[in-house]
Amino acid sequence: MKKLICIVFSSLLLAACSNENSHLETATEPKAKKITVQTKAHEYNYDVVTSATTTTFGTNPEPKWTPEQKEAKMFWSVQPPSGIIKGNYYKNERQFDGGNKGILELVTDDNGKLIHVEFNELASANYYESKYANASKRLSDYAFFQATNARTDDTLVTWVNGITFLEGQMLAENRLDGNFQTVKGSSTSARNGMMPLAAEMKDWVKKPFGFYYYGIAEPLGNGLTARLQVVTENEEIISAKYDEIFADQKVEITDSALQSLYRQSKYYSLDYETMTGDDFVAFADGLEKHVLQSQDLLDIPKQDLASFRNYEKVATKLSAEIDE
């Protein structure tokens, strides 16, 4: 009987099981091992490695699956953690790999323990697929663009899979430096972007910098999740970002006209922007402008919009946390 090694990431309800007899890859790549990662929403089967993997960029393999078959096999989640998160806030960002911009945000409790880790990446201004120039790889349809490419037929993973897997390890192990497992076929941004930024921050989180984070994410019941993130510096609000994230499954979105936008957010979805004329971006930016002026999440002009009413629901709850 093959011996199994099981690692439990209790803080995220993740369980990963690896096979000691994992197969040997080509000579140019490190040895990979199979793991299963269980979350509340899905069970993932990944090949993971502990160093960089060779890229298949520039190749044009023959498709192995129909689009329908591949959609059924692949899954990733862009849902933020539900509920309220608050703690000391840290942010680090830089360009890497030809102009892509990595942004890493961390939140710790008063004991310096990581309670939130989130990496975002904006594609370079001269990205080879012009649609995604300066676009969010996490919350646009970028992962679907990857999924439709035959180069992902073997790995069945996207940028989002690789990043959320790494975020889970950092939270579960409460560390930012050293080596981590990464998902084979989706390790470039994790190793070249997120891990260097995290390593630079390992000493930052040992003491507060004067920045505090208040975040809330709440399902709205119609296939949307309202998310509000506020950052203060010495008790002054310096950032107030509102967004609405579409569900991970089409069927959860009650408005059939919006079902194609699953696993994206209103603020970062390029297709939603085209459909609505950039209205949501203007709305969210306007909210932040008023909040920064008034220093009050609720002291803003009323608007007869569903998104404004959604904002008020989460802003009322988060405002109570800020006022404590």
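The values are calculated or read from the model by the stated rules, or taken from the named source; none is laboratory data. What you are looking at is a predicted structure, and each value in this text was computed from that prediction instead of being measured. Quick reminder, even Gly has a Cβ in these numbers, built from the backbone with ideal geometry, and neighbours come from all protein chains shown. Only protein heavy atoms, including side chains, enter the accessible area calculation; ligands, DNA and RNA are left aside. Shrake-Rupley method; radii C 1.70, N 1.55, O 1.52, S 1.80 Å.
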Per the list (1) open to solvent by 70 Å² or more (accessible area, probe 1.4 Å); (2) of a type outside the set (Val, Ile, Thr); (3) assigned to a strand (DSSP E or B), residue check on residue 293 breaks on (3)
Checklist entry - Is one or more of the residues making up the range 281-289 within 27 Å of residue 147 (Cβ to Cβ) and open to solvent by 20 Å² or more (accessible area, probe 1.4 Å)? => result yes
Output for Cβ contacts, cut-off 8 Å, separation at least six or different chains, first residue more than 22 Å from residue 116 (Cα to Cα) in the range 88-102, second acidic (Asp, Glu), reads 100/121
Subset of the range 261-272, residues under 15 Å from residue 76 (Cα atoms) and of a type in the set (Ser, Thr, Tyr), comes to 262, 265
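Just the residues that are over 20 Å from residue 113 (Cβ atoms) and not hydrophobic (A, V, I, L, M, F, W, C), please, taken from the range 154-173. Don't jump to the end; show me each part of the working.
First, the residues of the range 154-173 that are over 20 Å from residue 113 (Cβ atoms): 154-163, 165.
Residues satisfying the conditions are 154, 155, 158, 161, 162.
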Across the range 260-280, the tally of residues that are open to solvent by 10 Å² or more (accessible area, probe 1.4 Å), in contact (Cβ under 8 Å) with a residue 60 or more places away in the chain and in contact with a strand residue (DSSP E or B) (Cβ under 6 Å, 6 or more places away or on another chain) stands at 2
When residue 233 is run through (1) open to solvent by less than 20 Å² (accessible area, probe 1.4 Å); (2) farther than 23 Å from residue 81 by Cβ, the failure sits at (1)
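This table checks each residue for (1) closer than 22 Å to residue 263 by Cα; (2) in contact with a helix residue (DSSP H, G or I) (Cβ under 9 Å, 6 or more places away or on another chain); (3) aromatic (Phe, Trp, Tyr).
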| residue | (1), (2), (3) |
| --- | --- |
| 119 | yes, yes, yes |
| 127 | yes, no, yes |
| 133 | yes, no, no |
| 141 | yes, yes, no |
| 147 | yes, yes, no |
| 152 | yes, yes, no |
| 175 | no, yes, no |
| 185 | yes, yes, no |
Restricting attention to the range 230-259, the residues that are within 22 Å of residue 292 (Cβ to Cβ), in contact (Cβ under 8 Å) with a residue 24 or more places away in the chain and assigned to a loop (DSSP other than H, G, I, E, B) number exactly 1
Wholly inside the range 130-229, helices (runs of 4 or more DSSP H) that include 1 or more residues that are closer than 22 Å to residue 91 by Cβ, open to solvent by less than 50 Å² (accessible area, probe 1.4 Å) and not hydroxyl-bearing (Ser, Thr, Tyr) are 159-173, 195-200
Screening 113, 73 for residues that are more than 28 Å from residue 238 (Cα to Cα) and surrounded by fewer than 21 Cβ atoms within 10 Å (Cβ to Cβ) leaves only 73
